[in-house]
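Novice: Structure provided below as structure tokens; questions to follow.
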Amino acid sequence: MKKLVFTCCFLLFLVGKGLLAQGLQSPKDWAASLRQAPKLNVGLDSRHSFISSRDVSTLGLKVSLDFENRLRFGYGVYFLFRNRIVRDFALTDSLGNNYTVKSELQFTYLSAFAEYVFFLNDHWEFSAPINLGIGDVGFSNINQEKKTVLLTELGVMGSYKIFPFFGLGGGIGYRQILAGGQFIRDDFNSPTYSFGLRFWVGYLYKKYIKKSL
């Protein structure tokens, strides 16, 4: 078993070394990239994380400026959209009667991000995004004021182009509550991960739509 693990690690090292030699991008070229006109990117961003030990999904709309496929800066709006978290709350009405309501967790936030593409070739791309967000979290239907939280997300993303306009992508990261929401920090501080299909709409636009205009 040890020999097998060593062999696998050695092969991964050789493959990684070869890939890095082909497409590693140095931070020393940032200044030159920022002097170029950026491209506008708009897309959906879906990721998974854990809230109260449950696997949940968030969906976001991202808008960014891309500087030569090296640096990206932008904003995104995110909200929970699958694997609902519902809890029962015991309440009392104005007449003193007790009753129970089902309440759904709501979590939305606005995030500013910067992303460094540290590896790029014809098929592979690896990047390191950092997000800083502010949002509201709380339960619906219980007359409870939502709490404002400040959060950050760090991660590593990767993608593989099967065709110039289509491929696979994924990534891992970690979400950390920086301020606010003391009552939910243990529930919201969590690893994040994503995987799925990727589409490069800009390629299709330049290749087919722009030429026909």
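The values are calculated or read from the model by the stated rules, or taken from the named source; none is laboratory data. Since the structure is predicted, the reported quantities are computational estimates derived from the model, not experimental observations. Please note: Cβ atoms are built from the backbone with ideal geometry, for glycine as well, and neighbour counts cover all protein chains shown. Accessible surface is based on the protein model in full, side chains and every heavy atom, while ligands, DNA and RNA are left aside. Shrake-Rupley method; radii C 1.70, N 1.55, O 1.52, S 1.80 Å.
Novice: Looking at region 140-165 only, could you name the residues that are closer than 12 Å to T108 by Cα and touching a Leu at 6+ places or on another chain (Cβ under 7 Å)?
Specialist: The answer is L150, L151.
Novice: Look through S33, S64 and report the one residue that is on the phi < 0 side of the Ramachandran plot, open to solvent by less than 90 Å² (accessible area, probe 1.4 Å), touching a Gly at 6+ places or on another chain (Cβ under 6 Å) and at pLDDT 85 or above.
Specialist: Testing whether each residue is on the phi < 0 side of the Ramachandran plot, open to solvent by less than 90 Å² (accessible area, probe 1.4 Å), touching a Gly at 6+ places or on another chain (Cβ under 6 Å) and at pLDDT 85 or above leaves just S64.
Novice: Here are the criteria: (1) touching a residue at least 24 places away in the same chain (Cβ under 8 Å); (2) more than 19 Å from the chain's Cα centre (by Cα). Tell me which single one Q176 does not satisfy.
Specialist: With (1) touching a residue at least 24 places away in the same chain (Cβ under 8 Å); (2) more than 19 Å from the chain's Cα centre (by Cα) applied to Q176, the lone miss is (2).
Novice: Regarding region 162-177, can at least one residue be identified that is farther than 30 Å from G202 by Cα and either at pLDDT below 85 or aromatic (F, W, Y) (or both)?
Specialist: no
Novice: With the requirement that a residue be open to solvent by less than 80 Å² (accessible area, probe 1.4 Å), closer than 24 Å to A112 by Cα and either part of a loop (DSSP other than H, G, I, E, B) or out of contact with any strand residue (DSSP E or B) (no Cβ under 7 Å at 6 or more places or on another chain) (or both), what does region 160-184 give you?
Specialist: Within region 160-184, G180, G181 meet the criteria.
Yes/no per residue for (1) β-branched (V, I, T); (2) loosely packed, with under 13 Cβ neighbours inside 10 Å; (3) within 17 Å of S194 (Cβ to Cβ):
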{"position": "V101", "(1), (2), (3)": "yes, no, no"}
{"position": "L105", "(1), (2), (3)": "no, no, no"}
{"position": "E125", "(1), (2), (3)": "no, no, yes"}
{"position": "G135", "(1), (2), (3)": "no, no, no"}
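Novice: Hey, among R54, R87, R82, which residue is open to solvent by 80 Å² or more (accessible area, probe 1.4 Å) and out of contact with any strand residue (DSSP E or B) (no Cβ under 9 Å at 6 or more places or on another chain)?
Specialist: R54
Novice: Given the conditions (1) farther than 25 Å from F199 by Cα; (2) over 15 Å from the mean Cα position of the chain (by Cα), and given that T152 satisfies all but one, which numbered condition is not satisfied?
Specialist: Single failed check for T152: (2).
Novice: Now for a different question. Out of L65, L44, which single residue is over 23 Å from Y193 (Cα atoms) and in a strand (DSSP E or B)?
Specialist: None of the others qualify; the one that does is L65.
Novice: Give me a count of the residues in region 93-150 that are assigned to a strand (DSSP E or B) and closer than 30 Å to W200 by Cα.
Specialist: First pass over region 93-150, keeping only residues assigned to a strand (DSSP E or B): 98-120, 124-139, 147-150.
So of that shortlist, the ones also closer than 30 Å to W200 by Cα come out as 107-120, 124-135.
Qualifying residue count for the region: 26.
Novice: Restricting to region 114-138, name every residue that is free of Cβ contacts under 8 Å to residues at least 60 places away in the same chain and in contact with a Lys or Arg (Cβ under 6 Å, 6 or more places away or on another chain).
Specialist: E115, H123, D136, V137, G138
Novice: Answer yes or no: is there a residue in region 38-51 that is more than 18 Å from the chain's Cα centre (by Cα), loosely packed, with under 13 Cβ neighbours inside 10 Å and β-branched (V, I, T).
Specialist: Within region 38-51, none of the residues are more than 18 Å from the chain's Cα centre (by Cα), loosely packed, with under 13 Cβ neighbours inside 10 Å and β-branched (V, I, T).
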